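Here's the structure we're looking at; comments come further down.
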Amino acid sequence: MRLRGRQKMLPAEPLVHRVFESHVSSHPERVALTYGAESYTYAELNARANQFAHYLLGRDVGKGCLVGVCLDRSLEQMVAILGTLKAGAGYVPLDVTYPIERLRQMTSELTAMPLVAASADTAGLVQGGPQDIVEMAALRRALDRLPTTDPEVAVGGEDVCYAVFTSGSTGRPKATAVKHQGWYNLLDHLADEFGLDHRSSNLMVSSFGFDISQRSLLTPLFTGATQHLLPSRHFDAMMACRLIREHGVRTLHCAPSTLYLLVERQPPDGPDDLDSIDHVFVGGEPLSARRVAGWAGRAPHRHRLVDVYGVAECTDVSTIYVLRDYERYIAAGVPIGRPVNNIDVYLLDDDLRQVAPGEVGEICICGVGVGVGYLNAPELNREKFVKVSTPDGYVDLYRTGDLGFVGPDGELRCVGRVDAQVKIRGMRIDLGDVETAVRRSSRVEDAAVVAVEPAGSAERELVAFVIPAAEMDERALRAELHSLLPTHMVPRQVVVVAGFPLSPNGKVDRKALARSLR
């Protein structure tokens, strides 16, 4: 089974920072960036970024290099990102909320990263690695003496624009690199498909190390709008709501778990803090329609909730679906839609052959969004980035490890993970299947299912953590699930919780849920 995205010609230089520079030329005085009471116009941000780019080039840090960015949300964080891109290098977000040991693992993985931009508060997080640490504030006097003009650096669509770290089954972070052409293609698709322009201001709410954040950071600057940075190291829902209201923020990019925290702070009727929002792009984990239906479907309806699906290895977003019928999604789940421009999605079986329409297969991604691959991990690249024979010839694609099928409506649905399968009493099941069934109950607002090994037993069992929509009757819920699932797939235990713990990336932390049972 194959889904094709619309084919659209890319420019000769598909570079996000070049589009930013075009906005500098057309409206230099417009506010590009705010952080609390501080702000930069497009001209000011461009000048600062150019000075940092000239500094990097003076140190022979340019095309083919990576630059670590270990900074809190700040004006200087964006200066470092744009300056790195302008120098022809790729940036690496090093999230200051991560443990020091994890950050040091990350920096030790990247031999092509000679330098890390940091602050006095964050330098200690990355010291001891092979890179030079430069403090942006300490550089200020030196940077002020450098040119503010755009550096002339030849960069192409196949070059690396950024690299992010993903977690894996080994527990060790691995870096995957994204190409300029993939990043340009995604932001261009969002701007074109949803009419984003200079009015489409954004509030950056996600953790810096998350792939969502790279899209969130640059989309407003790509469209000529204002980027507002949340002046807090950790997500603060109350502060975010206040800034959205005060600035009239129009777009958000976040994980569903972050959106729930914002929505749950709003009154059930009447005006709320989020009234200015036109588009919310949510992704990274399955969306619970039940938890947002009352807010998103409220009249007068202006909010456009967009479910985005993808992986960091393929420039974050490969398919998009605009939500419309919330009652249907509560019963059947939210589709992940159709491919973005210049992306094809294949559904393949274990032998990498296309499955028939309606059958479940592994979601594999092909097109300009496919990245460079994992850095310093050749065996993993051979496993995940493969060449497959199709009726149209051989194609290069990335195996996501996600399972999906195309429904009668032609929309792609994700139904779980190849590696999320566990054995219960010798029978293989997918935790995503169980979670979907639990969420279908009118008694449940949201659910997360984990497999645990009770003390003194080698036999795994399923536990459903649920946020109740009404007074919870565990026996009635389990009876309901018995009518939907085979016996071995019905959770042995139901645990009622007020909310789910979140990982630094804003996703449900299932390991923390499992630990809470000990």
Globularity index of the chain, i.e. its alpha-carbon radius of gyration over 2.2 N^0.38 Å: 0.97
Compute the long axis of helix 180-194 from its Cα atoms, compare it with the longest principal axis of the Cα atoms of the chain, and write down the angle in degrees, 0 to 90, nearest 10. 70 degrees
What number, in percent, do you get for the relative contact order of the range 1-125 if the mean sequence gap of Cα pairs under 8 Å and at least 6 apart is divided by its residue count? 23 percent
Less than 11 Å from a label point 7 Å out along the Cα-to-Cβ axis of R4: which backbone N atoms in the range 341-382 qualify, by residue? 344
Taking alpha-carbon centroids only, the range 1-69 lies from the range 191-207 a number of Å equal to 15 Å
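Do the sum for the chain: with -39,500 (n - 2.57) for every DSSP H run of n ≥ 4, divided by all residues, what is the mean residue ellipticity at 222 nm, to the nearest 500 deg cm²/dmol? Intermediate results must be reported in sequence, preceding the final value.
Details: 16 runs with 157 residues, N = 518.
The helix contribution divided over the chain gives -9000 deg cm²/dmol.
Kindly state, to the nearest 0.05, the FRET efficiency for R233 paired with A43, given R0 = 30 Å and r defined as their beta-carbon distance.
Values: r = 29 Å, r/R0 = 0.96.
With a Förster radius of 30 Å, E is 0.55.
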May I ask you to order 209-216, 432-439, 54-61 by the average number of other C-beta atoms within 10 Å around their residues, highest value first? 209-216, 432-439, 54-61
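Assuming 0.890 mPa s and 25 °C, estimate D for the range 1-91 with Stokes-Einstein, Rh taken as the Kirkwood radius over Cα pairs, in µm²/s.
The Stokes-Einstein estimate is 169 µm²/s.
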Ellipsoid equivalent to the range 448-518 - semi-axes via the Cα gyration tensor, in Å: 20, 17, 11
Which whole-number percent is the relative contact order of the chain (Cα, under 8 Å, 6+ apart)? 12 percent
For helix 100-109, what angle does its Cα long axis make with the longest principal axis of the chain, in degrees from 0 to 90 and rounded to 10? 70 degrees
Degrees between helix 211-223 axis and first principal axis of the chain (Cα, 0 to 90, nearest 10): 50 degrees
5 Å is the cut-off here: which amide hydrogens, built 1.01 Å from N in the peptide plane, fall below it relative to V340, excluding neighbours closer than 5 in sequence? T319, I320
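Each reported figure results from applying straightforward, stated rules to the coordinates on display, with no laboratory input. All values reported here derive from a predicted model rather than from experimental measurement. All Cβ positions, even for glycine, are placed from backbone atoms using ideal geometry, and neighbour counts span all protein chains on display.
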